[in-house]
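J.: Structure below; questions to follow.
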Amino acid sequence: GVDPVRYYLVRQMAVTQDGNFDLKDLEARITGDLANNLGNLLNRTVTLALANGCEKISMPETFESSTGALREKCAEMFRLIQEEMNRYHFHIALAEIGNFTNAVNAFFHEQQPWKLAKENKELFEEVIGAVCNSLYAIGIVLWPVMPKKMEELLASLGYSFDLGKNYEQILRENNWHTKTFSLHKTEAPLFSRPETHVHIEEAAVQKIEKK
C-alpha cells in the first residue's frame with residue numbers, strides 16, 4: 001500500500017543525505033512499527049472495550065499517576081516532533097512517534113486492562129481512555145505521512161480528520177478531558193503483515209548462480 005511505503009521512506013531515510021532502499025527493511029518496518037505496534041494496539045484496545053460494553057469512553061476528572069505519566073509523555077512527544085520537523089529531520093520525528101507508541105504499548109501491558117475489566121471497571125475505562133487519547137494524538141501526527149490509514153484509525157475512535165481544525169493547538173494543550181471516543185472495529189486490520197518476497201528473490205539469485 002502507498003501509506004506504509006511512504007512511512008518507510010520517511011522513517012528510514014534522511015532527506016539531507018543519500019539513503020538505501022531495502023526490501024527486507026521495508027517488510028520489517030511495516031511488520032514491526034505498523035502491524036505489530038500500532039495496528040495491534042488499536043485492535044486490542046477497541047476489541048477489549050467493546051467486549052466489556054464500553055462503546056463510549058471519556059476520561060475521569062482525576063487520573064492515576066501512571067495515566068498522568070503517559071499524558072506527559074504524549075506532550076513531550078509532540079514537543080520533540082515539532083522541533084525535529086522544523087529541522088527537516090523527518091526520520092527522527094517519526095522515530096519519536098515510534099518511541100511514544102512503544103510507551104503506550106508498555107502502559108497497556110503494565111495496566112493489564114483485561115483484568116481490570118473484572119476487578120475495577122472505573123480504572124479499566126480510564127486505561128482504555130488513556131490509550132484512546134494517545135492513539136488520537138498518534139493518528140494526528142502521522143496523518144501527513146499516512147493520511148488514508150490514519151483516517152481509518154481516527155474513525156475507529158469515533159473521529160474524522162478535519163483540515164479546518166487547529167490540531168497544533170489541540171495537541172499542545174493535550175487536554176484529555178475534552179474528548180469522548182465512540183469506538184468501532186475496523187473492517188479489516190489497520191495494517192497487514194506483508195508476505196515476504198525476499199526469499200523468492202534469493203532463490204532466483206541462487207538458481208542463476210548455479211547455472
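The values are calculated or read from the model by the stated rules, or taken from the named source; none is laboratory data. These figures come from a predicted structure and were not determined experimentally. No Cβ is skipped: glycine too gets one built from the backbone with ideal geometry, and neighbour counts run over all protein chains shown. Note: areas computed on protein heavy atoms with side chains; ligands, DNA, RNA excluded. Shrake-Rupley method; radii C 1.70, N 1.55, O 1.52, S 1.80 Å.
J.: Using beta carbons and a limit of 9 Å, which pairs, at least six apart or on different chains, have the first residue in segment 160-183 and polar (S, T, N, Q) and the second one in a strand (DSSP E or B) and open to solvent by 70 Å² or more (accessible area, probe 1.4 Å)?
T.: T180/K56; S182/K56
J.: Condition first: open to solvent by 50 Å² or more (accessible area, probe 1.4 Å) and among the hydrophobic types (A, V, I, L, M, F, W, C). Now tell me which residues in segment 83-102 satisfy that.
T.: The answer is M85, F90, I92.
J.: Need the failing condition index for G39 against (1) in contact (Cβ under 8 Å) with a residue 40 or more places away in the chain; (2) small (G, A, S); (3) outside any helix (DSSP H, G or I), just the number.
T.: (3)
J.: Mind checking which residues of segment 137-151 are open to solvent by 50 Å² or more (accessible area, probe 1.4 Å) and either polar (S, T, N, Q) or out of contact with any Asp or Glu (no Cβ under 9 Å at 6 or more places or on another chain) (or both)?
T.: Passing the criteria: P144, E151.
J.: What pairs come out if I take residues in segment 1-13 that are touching a residue at least 24 places away in the same chain (Cβ under 8 Å) and pair them with residues that are loosely packed, with under 15 Cβ neighbours inside 10 Å whose C-beta lies under 6 Å away, six or more apart or interchain?
T.: If the second residue must be loosely packed, with under 15 Cβ neighbours inside 10 Å, the pairs left are D3/K148; M13/G19.
J.: Is there a residue being more than 16 Å from L50 (Cα to Cα), over 19 Å from the mean Cα position of the chain (by Cα) and in a helix (DSSP H, G or I) anywhere in segment 145-163?
T.: No, because not a single residue in segment 145-163 is more than 16 Å from L50 (Cα to Cα), over 19 Å from the mean Cα position of the chain (by Cα) and in a helix (DSSP H, G or I).
J.: For N105, all conditions in the list (1) touching a residue at least 60 places away in the same chain (Cβ under 8 Å); (2) open to solvent by 50 Å² or more (accessible area, probe 1.4 Å); (3) not aromatic (F, W, Y) hold save one; what is the number of the exception?
T.: Status for N105: all satisfied but (2).
J.: May I ask you to list the residues in segment 44-82 that are open to solvent by 70 Å² or more (accessible area, probe 1.4 Å) and either modelled with pLDDT of 95 or more or part of a helix (DSSP H, G or I) (or both)? I'd like the intermediate steps shown before the answer.
T.: Applying the first criterion (open to solvent by 70 Å² or more (accessible area, probe 1.4 Å)) to segment 44-82 yields 51, 55-56, 61-62, 64-65, 72-73, 76, 79.
Hits for segment 44-82 are A51, E55, K56, E64, S65, E72, K73, E76, R79.
J.: Restricting attention to segment 152-184, report how many residues are among the polar types (S, T, N, Q) and surrounded by 15 or more Cβ atoms within 10 Å (Cβ to Cβ).
T.: Adding up the residues that qualify gives 2.
J.: Inside segment 7-41, can you point out the residues that are crowded, with 16+ Cβ neighbours inside 10 Å and of a type in the set (D, E, K, R)?
T.: R11, E27, R29, D33
J.: Now a separate question. Identify, from the list A69, A51, A95, the residue that is over 22 Å from K179 (Cβ atoms) and in contact with a helix residue (DSSP H, G or I) (Cβ under 9 Å, 6 or more places away or on another chain).
T.: When all the criteria are applied, what remains is A95.
J.: When residues of segment 32-67 are filtered for being within 19 Å of the chain's Cα centre (by Cα) and not acidic (D, E), how many remain?
T.: Qualifying residue count for the region: 19.
J.: Name the residues in segment 108-117 that are open to solvent by less than 60 Å² (accessible area, probe 1.4 Å) and not hydrophobic (A, V, I, L, M, F, W, C), would you?
T.: Within segment 108-117, Q111, P113 meet the criteria.
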